[in-house]
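Shown next, in structure tokens, is the structure this report addresses.
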Amino acid sequence: MSRHDFGNEGNMRVDRRTFIKGCTMAAAALGLSETMVPKLVAAATSAQRPPVVWLHFQECTGCTESLLRASHPDIGRLILDIISLDYHETVMAAAGHQAEQVLQETISKYDGKFICVVEGGIPTKDGGIYCKIGGRTAVDILAEVAPKAAAVIAIGTCASFGGIQAAKPNPTGAVGVRDLVKNTPIINIPGCPPNPISFLGTVLHYLTFKRLPRTDQLGRPLFAYGREIHDQCERRAHFDEGRFVEQFGDEAHRQGFCLYKVGCKGPGTFSNCPAVRFNGVGAWPVGVGHGCIGCTEPEFWDTMTPFYERLPGVTIPGGGKGIVTGATSVGMKILGVTAAAVGIHAAVGIGKRVVKCKKCNNTPDEQE
Ligand code: FSX
Ligand code: SF4
Ligand code: F3S
């Protein structure tokens with residue numbers, strides 16, 4: 001796991017075919033043409049693997065699990081080949097004082113050069129006592145490590161926006177990285193957990209172009225979060241024609257109709273889930289018959305609940321019912337989402353420009 005385990009291409013833990021396949025998937029996710037794959041591969045196989053310090057705070061470790069679990073081992077191994085994961089409490093061999101020593105040595109030796117990945121929210125209430133590692137609070141550790149990093153990647157909705165532990169009444173005062181770190185470039189890869197390809201794409205973009213990808217106003221990379229789920233969904237034709245599942249298990253559900261009426265939050269949620277999918281088997285929540293719960297959005301645990309009630313304020317074109325009024329508790333909560341969506345939609349304009357350029361095979365990134 002040490003950076004010294006990663007030398008040249010010959011030492012890669014995945015074979016070259018898998019390596020290039022992973023880079024090709026990431027290039028597609030990034031909206032880059034295939035002609036950019038060699039550039040990505042060259043950046044990913046350079047002798048200088050970026051040191052990575054991975055901090056765990058308030059979370060379930062699902063982000064790491066989804067990245068490294070056996071359901072798609074190649075992506076996990078590919079990421080471990082591209083970066084030098086010098087400190088990661090879940091998978092490193094060292095423990096206790098030895099682990100803390102590794103952290104100190106890494107941030108000192110690679111001051112200003114390492115990538116800091118943060119997984120989990122940061123509790124700020126009562127002096128931050130609700131998350132301590134090695135006797136220090138998450139707030140203190142982040143305050144020491146983040147300013148020394150070249151960039152911070154907040155992986156998961158917890159590190160991005162506070163996460164499930166920030167649900168009202170947020171008893172520990174959990175917040176996301178951006179609420180605390182101000183002078184280091186930060187990118188958010190939300191999702192509970194996020195898609196590993198979005199993380200891989202961000203890392204490859206950073207290695208190739210020496211900067212983080214463009215983001216929306218919530219700090220999410222546009223390549224992965226620039227489009228609404230509803231606009232990419234395979235059930236969209238059913239929505240447009242007014243064919244809805246009324247109850248889980250009914251005939252409409254078996255037919256694969258739209259899940260809006262049973263609570264799908266695809267309208268109002270920005271992510272590449274329908275396009276990139278999960279686990280290497282083409283699955284994603286709506287594809288397997290469950291509505292999107294909006295897990296890439298800030299405060300989705302408050303604004304998107306109850307999960308099985310309709311999202312208000314959505315026009316059903318072919319449904320004959322016009323505007324669906326929000327006569328539910330969701331109706332009040334969604335006001336927060338609407339406010340956030342103003343910022344998101346402003347950013348989507350940028351996202352659409354990227355898509356448009358992609359069609360003519362000439363993205364802004366390729367011009368760099
Ligand atoms: Fe949070 Fe990551 Fe949800 Fe868990 O650790 S984004 S609780 S799936 O996985 O931080
Ligand atoms: Fe797909 Fe959900 Fe939109 Fe229906 S409401 S088209 S299931 S994203
Ligand atoms: Fe999350 Fe919705 Fe995608 S629940 S995983 S954003 S489909």
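Numbers at a glance
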| read-out | value |
| --- | --- |
| Protection-proxy order for peptides 19-26, 232-239, each taking the mean of Cβ atoms within 10 Å per residue, highest first | 19-26, 232-239 |
| Accessible-area composition of segment 229-314, carbon plus sulfur, in percent [1.4 Å probe] | 52 |
| Nitroxide proxy distance, nm - points 7 Å out along Cα→Cβ at residue 234 and residue 254 | 1.9 |
| Binned Cα-Cα distances of segment 141-212, short to long, each 10 Å bin given as a whole percent | 20, 45, 30, 5, 0 |
| Area accessible to solvent at residue 66, 1.4 Å probe radius, in Å² | 30 |
| Estimated inter-spin distance, residue 46 and residue 65, nm [label 7 Å along Cα→Cβ] | 3.6 |
| Accessible area in the full protein assembly, largest first, 1.4 Å probe, for 211, 77, 69 | 69, 77, 211 |
| Directionally averaged shadow of segment 3-223, computed from the convex hull of its alpha-carbon atoms, nm² | 11.5 |
| Pairs of alpha carbons in segment 229-314 whose separation is greater than 19 Å (percent) | 32 |
| Peptides 147-155, 280-288 ordered by average Cβ neighbours within 10 Å, highest first | 147-155, 280-288 |
| Estimated Rh, segment 170-227: Kirkwood, alpha-carbon pairs, angstrom | 12.5 |
| Solvent-accessible area per residue, Å², over segment 52-181 with all protein chains present [probe radius 1.4 Å] | 39 |
| Accessible carbon and sulfur surface of segment 3-223 relative to its total accessible area, %, 1.4 Å | 53 |
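The values are calculated or read from the model by the stated rules, or taken from the named source; none is laboratory data. None of these values were measured; they are calculated from a predicted model. Virtual Cβ from ideal backbone geometry, glycine too; neighbours counted across all protein chains shown. When the accessible area is computed, the model is the full protein with side chains, heavy atoms only, and any ligands, DNA or RNA have been set aside. Shrake-Rupley method; radii C 1.70, N 1.55, O 1.52, S 1.80 Å.
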